[in-house]
Amino acid sequence: MTLFMATLLNGLSLAALYFIVASGFTLIFGLMRIVNLAHGALYLLGGYVGFEVQRATGSWYGAVVAGFAAIAAVGLVLQLAVFRHMEGQELRQTLVSLALSIIAADLMLWVWGGDTYQITTPDYLFGAFPVGLPGLPMYPTMRLVTILVAVVVGIALWLFLTRTRLGMIIRAGVDDRDMVQASGINVHAVFAVTFAIGAGLAGLAGVIGGSVLSIAPGEDLRFLLISLIVVIVGGMGSVAGSALGALLIGLAEQFGLAYTPTYGVVYTFLILVAVLALRPQGLLGRA
(Lines give C-alpha, C1' and ligand atoms only; values in the text may rest on other atoms or scores of the structure.)
Protein backbone atom coordinates (compact mmCIF):
# COMPACT_ATOMS: atom_id res chain seq x y z
CA MET A 1 0.00 0.00 0.00
CA THR A 2 2.84 2.39 0.82
CA LEU A 3 4.47 1.77 -2.55
CA PHE A 4 1.17 2.19 -4.39
CA MET A 5 0.24 5.48 -2.67
CA ALA A 6 3.76 6.90 -3.04
CA THR A 7 3.80 5.95 -6.73
CA LEU A 8 0.35 7.46 -7.24
CA LEU A 9 1.35 10.81 -5.72
CA ASN A 10 4.68 10.75 -7.55
CA GLY A 11 2.77 10.18 -10.78
CA LEU A 12 0.41 13.07 -10.03
CA SER A 13 3.25 15.46 -9.19
CA LEU A 14 5.21 14.45 -12.29
CA ALA A 15 2.06 14.84 -14.40
CA ALA A 16 1.59 18.31 -12.90
CA LEU A 17 5.10 19.33 -13.98
CA TYR A 18 4.55 17.84 -17.44
CA PHE A 19 1.30 19.78 -17.76
CA ILE A 20 2.91 23.11 -16.83
CA VAL A 21 5.52 22.59 -19.55
CA ALA A 22 3.00 21.25 -22.07
CA SER A 23 0.49 24.03 -21.39
CA GLY A 24 2.87 26.52 -22.98
CA PHE A 25 3.46 24.11 -25.85
CA THR A 26 -0.32 23.78 -26.22
CA LEU A 27 -0.57 27.50 -26.89
CA ILE A 28 2.36 27.62 -29.31
CA PHE A 29 2.13 24.32 -31.17
CA GLY A 30 -1.33 23.00 -30.42
CA LEU A 31 -3.28 26.23 -30.85
CA MET A 32 -1.14 28.59 -32.98
CA ARG A 33 0.32 25.72 -35.11
CA ILE A 34 3.88 27.05 -34.70
CA VAL A 35 6.41 24.23 -34.61
CA ASN A 36 8.77 25.45 -31.90
CA LEU A 37 11.26 22.68 -31.15
CA ALA A 38 13.18 25.12 -28.92
CA HIS A 39 10.48 24.79 -26.25
CA GLY A 40 12.63 22.39 -24.23
CA ALA A 41 15.54 24.83 -24.38
CA LEU A 42 13.23 27.56 -23.02
CA TYR A 43 12.34 25.23 -20.12
CA LEU A 44 16.00 24.62 -19.28
CA LEU A 45 16.92 28.30 -19.66
CA GLY A 46 14.08 29.24 -17.31
CA GLY A 47 15.48 26.84 -14.73
CA TYR A 48 18.95 28.33 -15.01
CA VAL A 49 17.59 31.89 -14.75
CA GLY A 50 15.60 30.92 -11.66
CA PHE A 51 18.68 29.28 -10.14
CA GLU A 52 20.81 32.39 -10.63
CA VAL A 53 18.14 34.73 -9.28
CA GLN A 54 17.54 32.55 -6.22
CA ARG A 55 21.27 32.31 -5.56
CA ALA A 56 21.73 36.07 -5.90
CA THR A 57 18.66 37.24 -3.95
CA GLY A 58 17.75 34.26 -1.78
CA SER A 59 14.13 34.59 -2.92
CA TRP A 60 12.44 31.55 -4.41
CA TYR A 61 9.42 33.64 -5.41
CA GLY A 62 11.75 36.06 -7.17
CA ALA A 63 13.16 33.09 -9.06
CA VAL A 64 9.66 32.03 -10.13
CA VAL A 65 8.79 35.53 -11.38
CA ALA A 66 12.17 35.95 -13.09
CA GLY A 67 11.92 32.55 -14.79
CA PHE A 68 8.51 33.37 -16.23
CA ALA A 69 9.29 36.99 -17.19
CA ALA A 70 12.73 36.37 -18.71
CA ILE A 71 11.62 33.46 -20.89
CA ALA A 72 8.43 35.31 -21.89
CA ALA A 73 10.68 38.13 -23.13
CA VAL A 74 12.83 35.61 -25.02
CA GLY A 75 9.70 34.10 -26.54
CA LEU A 76 8.48 37.53 -27.62
CA VAL A 77 11.78 38.19 -29.39
CA LEU A 78 11.66 34.78 -31.09
CA GLN A 79 8.15 35.38 -32.36
CA LEU A 80 8.86 38.87 -33.69
CA ALA A 81 12.31 38.16 -35.12
CA VAL A 82 11.96 34.57 -36.35
CA PHE A 83 8.59 32.82 -36.40
CA ARG A 84 6.58 35.81 -37.62
CA HIS A 85 8.40 35.54 -40.95
CA MET A 86 7.67 31.82 -41.33
CA GLU A 87 3.94 31.62 -40.70
CA GLY A 88 2.45 28.48 -42.22
CA GLN A 89 5.88 27.10 -43.18
CA GLU A 90 6.09 24.13 -40.85
CA LEU A 91 9.28 22.65 -42.32
CA ARG A 92 11.21 25.90 -42.01
CA GLN A 93 9.90 26.40 -38.48
CA THR A 94 11.03 22.89 -37.57
CA LEU A 95 14.54 23.31 -38.95
CA VAL A 96 15.09 26.81 -37.59
CA SER A 97 13.73 26.04 -34.12
CA LEU A 98 15.81 22.84 -34.00
CA ALA A 99 18.91 24.88 -34.86
CA LEU A 100 18.03 27.43 -32.17
CA SER A 101 17.58 24.61 -29.66
CA ILE A 102 21.03 23.17 -30.42
CA ILE A 103 22.67 26.59 -30.24
CA ALA A 104 20.92 27.40 -26.95
CA ALA A 105 21.92 24.02 -25.47
CA ASP A 106 25.58 24.61 -26.33
CA LEU A 107 25.50 28.15 -24.94
CA MET A 108 23.93 26.96 -21.68
CA LEU A 109 26.53 24.20 -21.44
CA TRP A 110 29.24 26.81 -21.94
CA VAL A 111 27.86 29.14 -19.26
CA TRP A 112 26.71 26.66 -16.59
CA GLY A 113 28.80 23.62 -17.46
CA GLY A 114 27.67 20.02 -17.19
CA ASP A 115 26.91 20.17 -13.47
CA THR A 116 23.51 19.42 -11.96
CA TYR A 117 21.83 22.24 -10.03
CA GLN A 118 18.81 22.44 -7.76
CA ILE A 119 16.89 25.57 -6.83
CA THR A 120 16.60 26.07 -3.08
CA THR A 121 13.04 26.43 -1.81
CA PRO A 122 11.84 28.25 1.34
CA ASP A 123 12.09 26.31 4.59
CA TYR A 124 8.32 25.78 4.84
CA LEU A 125 8.31 24.15 1.39
CA PHE A 126 11.24 21.93 2.27
CA GLY A 127 10.23 18.74 4.04
CA ALA A 128 7.02 16.74 4.24
CA PHE A 129 3.37 17.63 4.65
CA PRO A 130 0.80 15.38 6.37
CA VAL A 131 -1.54 13.81 3.81
CA GLY A 132 -3.05 11.07 5.95
CA LEU A 133 -3.19 8.45 3.21
CA PRO A 134 -3.12 4.71 4.01
CA GLY A 135 0.52 3.71 4.36
CA LEU A 136 1.70 7.23 3.51
CA PRO A 137 1.09 9.75 6.32
CA MET A 138 3.58 12.34 4.94
CA TYR A 139 4.55 13.51 1.46
CA PRO A 140 7.10 16.09 0.19
CA THR A 141 5.58 19.56 0.39
CA MET A 142 7.14 20.87 -2.83
CA ARG A 143 5.59 18.06 -4.86
CA LEU A 144 2.16 18.98 -3.49
CA VAL A 145 2.86 22.62 -4.39
CA THR A 146 3.67 21.49 -7.94
CA ILE A 147 0.24 19.86 -8.20
CA LEU A 148 -1.40 23.05 -6.88
CA VAL A 149 0.51 25.24 -9.35
CA ALA A 150 -0.56 22.98 -12.23
CA VAL A 151 -4.22 23.25 -11.18
CA VAL A 152 -3.97 27.05 -10.98
CA VAL A 153 -2.21 27.27 -14.38
CA GLY A 154 -4.78 24.98 -15.98
CA ILE A 155 -7.78 26.93 -14.67
CA ALA A 156 -6.20 30.30 -15.52
CA LEU A 157 -5.32 29.17 -19.04
CA TRP A 158 -8.80 27.76 -19.66
CA LEU A 159 -10.45 30.96 -18.43
CA PHE A 160 -8.05 33.03 -20.52
CA LEU A 161 -8.85 31.18 -23.74
CA THR A 162 -12.61 30.80 -23.24
CA ARG A 163 -13.72 33.77 -21.14
CA THR A 164 -11.57 36.72 -22.23
CA ARG A 165 -11.72 38.82 -25.37
CA LEU A 166 -8.05 38.20 -26.11
CA GLY A 167 -8.55 34.45 -25.82
CA MET A 168 -11.47 34.56 -28.22
CA ILE A 169 -9.39 36.64 -30.67
CA ILE A 170 -6.60 34.06 -30.47
CA ARG A 171 -8.94 31.18 -31.27
CA ALA A 172 -10.63 33.14 -34.04
CA GLY A 173 -7.26 34.18 -35.49
CA VAL A 174 -6.17 30.56 -35.70
CA ASP A 175 -9.37 29.50 -37.50
CA ASP A 176 -9.80 32.49 -39.82
CA ARG A 177 -6.95 35.00 -39.67
CA ASP A 178 -8.10 37.03 -42.69
CA MET A 179 -11.51 37.71 -41.16
CA VAL A 180 -9.96 38.79 -37.85
CA GLN A 181 -7.56 41.13 -39.63
CA ALA A 182 -10.46 42.55 -41.65
CA SER A 183 -12.10 43.44 -38.32
CA GLY A 184 -9.20 45.79 -37.57
CA ILE A 185 -7.38 43.53 -35.09
CA ASN A 186 -3.59 43.23 -35.23
CA VAL A 187 -3.27 39.46 -35.36
CA HIS A 188 0.55 39.61 -35.32
CA ALA A 189 0.51 41.46 -31.99
CA VAL A 190 -1.99 38.99 -30.54
CA PHE A 191 0.10 36.02 -31.64
CA ALA A 192 3.25 37.63 -30.25
CA VAL A 193 1.61 37.99 -26.83
CA THR A 194 0.35 34.41 -26.99
CA PHE A 195 3.79 33.09 -27.91
CA ALA A 196 5.32 35.06 -25.03
CA ILE A 197 2.82 33.55 -22.57
CA GLY A 198 3.55 30.04 -23.84
CA ALA A 199 7.30 30.58 -23.54
CA GLY A 200 6.83 32.11 -20.08
CA LEU A 201 5.01 28.98 -18.94
CA ALA A 202 8.02 26.94 -20.08
CA GLY A 203 10.25 29.19 -17.97
CA LEU A 204 7.91 28.84 -14.99
CA ALA A 205 8.01 25.06 -15.38
CA GLY A 206 11.81 25.23 -15.48
CA VAL A 207 11.91 26.89 -12.06
CA ILE A 208 9.36 24.46 -10.61
CA GLY A 209 11.21 21.51 -12.14
CA GLY A 210 14.52 22.81 -10.85
CA SER A 211 13.01 23.00 -7.36
CA VAL A 212 11.40 19.55 -7.37
CA LEU A 213 13.93 17.64 -9.49
CA SER A 214 17.08 19.27 -10.86
CA ILE A 215 18.52 21.28 -13.74
CA ALA A 216 21.08 19.63 -15.99
CA PRO A 217 22.03 19.39 -19.68
CA GLY A 218 19.70 17.04 -21.50
CA GLU A 219 16.58 18.06 -19.62
CA ASP A 220 15.64 20.28 -22.57
CA LEU A 221 15.30 17.31 -24.93
CA ARG A 222 13.44 15.25 -22.34
CA PHE A 223 10.79 17.89 -21.71
CA LEU A 224 10.47 18.78 -25.40
CA LEU A 225 9.68 15.13 -26.15
CA ILE A 226 7.24 14.95 -23.25
CA SER A 227 5.50 18.14 -24.39
CA LEU A 228 5.08 16.74 -27.89
CA ILE A 229 3.64 13.48 -26.58
CA VAL A 230 1.28 15.21 -24.14
CA VAL A 231 -0.11 17.57 -26.78
CA ILE A 232 -0.54 14.78 -29.34
CA VAL A 233 -2.20 12.44 -26.85
CA GLY A 234 -4.45 15.12 -25.36
CA GLY A 235 -5.39 16.86 -28.59
CA MET A 236 -4.07 19.90 -30.44
CA GLY A 237 -5.05 23.17 -28.77
CA SER A 238 -7.02 21.58 -25.91
CA VAL A 239 -6.00 22.64 -22.39
CA ALA A 240 -8.14 19.90 -20.85
CA GLY A 241 -6.63 17.43 -23.32
CA SER A 242 -3.12 18.44 -22.29
CA ALA A 243 -4.06 17.92 -18.64
CA LEU A 244 -5.45 14.47 -19.44
CA GLY A 245 -2.44 13.58 -21.57
CA ALA A 246 0.00 14.72 -18.87
CA LEU A 247 -1.91 12.69 -16.28
CA LEU A 248 -1.78 9.53 -18.37
CA ILE A 249 1.91 9.92 -19.21
CA GLY A 250 2.95 10.84 -15.66
CA LEU A 251 1.08 7.94 -14.05
CA ALA A 252 2.21 5.44 -16.70
CA GLU A 253 5.83 6.49 -16.28
CA GLN A 254 5.83 6.27 -12.47
CA PHE A 255 3.83 3.04 -12.16
CA GLY A 256 5.93 1.49 -14.90
CA LEU A 257 9.18 2.39 -13.14
CA ALA A 258 7.82 1.19 -9.78
CA TYR A 259 6.39 -2.18 -10.83
CA THR A 260 8.11 -3.06 -14.12
CA PRO A 261 11.28 -0.93 -14.24
CA THR A 262 12.67 -2.77 -17.26
CA TYR A 263 9.73 -1.68 -19.43
CA GLY A 264 8.80 1.55 -17.65
CA VAL A 265 9.66 3.82 -20.56
CA VAL A 266 7.74 1.67 -23.05
CA TYR A 267 4.32 2.49 -21.59
CA THR A 268 4.57 6.15 -22.61
CA PHE A 269 5.04 5.21 -26.25
CA LEU A 270 2.37 2.52 -26.09
CA ILE A 271 -0.12 5.22 -25.04
CA LEU A 272 1.07 7.44 -27.90
CA VAL A 273 0.77 4.63 -30.47
CA ALA A 274 -2.69 3.63 -29.21
CA VAL A 275 -4.01 7.19 -29.41
CA LEU A 276 -2.58 7.77 -32.89
CA ALA A 277 -4.10 4.50 -34.09
CA LEU A 278 -7.55 4.84 -32.53
CA ARG A 279 -8.06 8.60 -32.28
CA PRO A 280 -5.49 10.54 -34.36
CA GLN A 281 -6.85 13.96 -33.34
CA GLY A 282 -6.11 13.22 -29.67
CA LEU A 283 -8.35 12.27 -26.77
CA LEU A 284 -10.03 15.68 -26.55
CA GLY A 285 -8.92 17.22 -29.83
CA ARG A 286 -11.12 18.35 -32.68
CA ALA A 287 -11.38 16.23 -35.80
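The values are calculated or read from the model by the stated rules, or taken from the named source; none is laboratory data. If you're wondering where the values come from, they're calculated on a predicted model, not measured in any experiment. Positions of Cβ are backbone-derived with ideal geometry, glycine not excepted, and every protein chain shown enters the neighbour counts. Heads up: the accessible areas ignore ligands, DNA and RNA and are worked out on the full protein's heavy atoms, side chains in. Shrake-Rupley method; radii C 1.70, N 1.55, O 1.52, S 1.80 Å.
The table below lists the values:
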read-out	value
At R0 = 30 Å, FRET efficiency that the Cβ-Cβ distance of H85 and A156 yields, to 0.05	0.50
Whether segment 143-265 is rounded, prolate or oblate, judged on the alpha carbon gyration tensor where a/c under 1.5 counts as rounded	prolate
Heavy-atom accessible area per residue - segment 159-213, 1.4 Å, Å²	41
Helix 39-57 axis, angle to the chain major axis (alpha carbon atoms, nearest 10°)	60
Solvent exposure of segment 27-99 as accessible area per residue, Å², 1.4 Å probe	41
Degrees, to the nearest 10: 90-112 long Cα axis against longest axis of the chain	50
Within segment 63-88: backbone nitrogen closer than 17 Å to the F126 label point (7 Å, Cα to C-beta)	63-64
Positive minus negative residues near I215 (Lys, Arg vs Asp, Glu; Cβ under 14 Å)	-2
Under-5 Å amide H pairs with F129, H placed in peptide plane, nonlocal only	Y139, T141
Paramagnetic reach from R55 in segment 99-137 [backbone N under 20 Å; point 7 Å along Cα→Cβ]	104-123
Folded to 0 to 90 degrees: helix 266-278 orientation relative to the chain principal axis, Cα	40
Span from the segment 1-54 Cα centroid across to the segment 92-111 one, whole angstrom	19
Of all accessible heavy-atom area on the chain, the percent that carbon and sulfur account for (1.4 Å)	71
Accessible area in the full protein assembly, largest first, 1.4 Å probe, for L91, L201, L228	L91, L228, L201
Label-zone membership for segment 267-287, site D175, 7 angstrom Cα→C-beta point, backbone N under 13 Å	286-287
Added length on full extension, which subtracts the Cα-Cα distance from 0.36 nm per residue, V77 to A189	39.1 nm
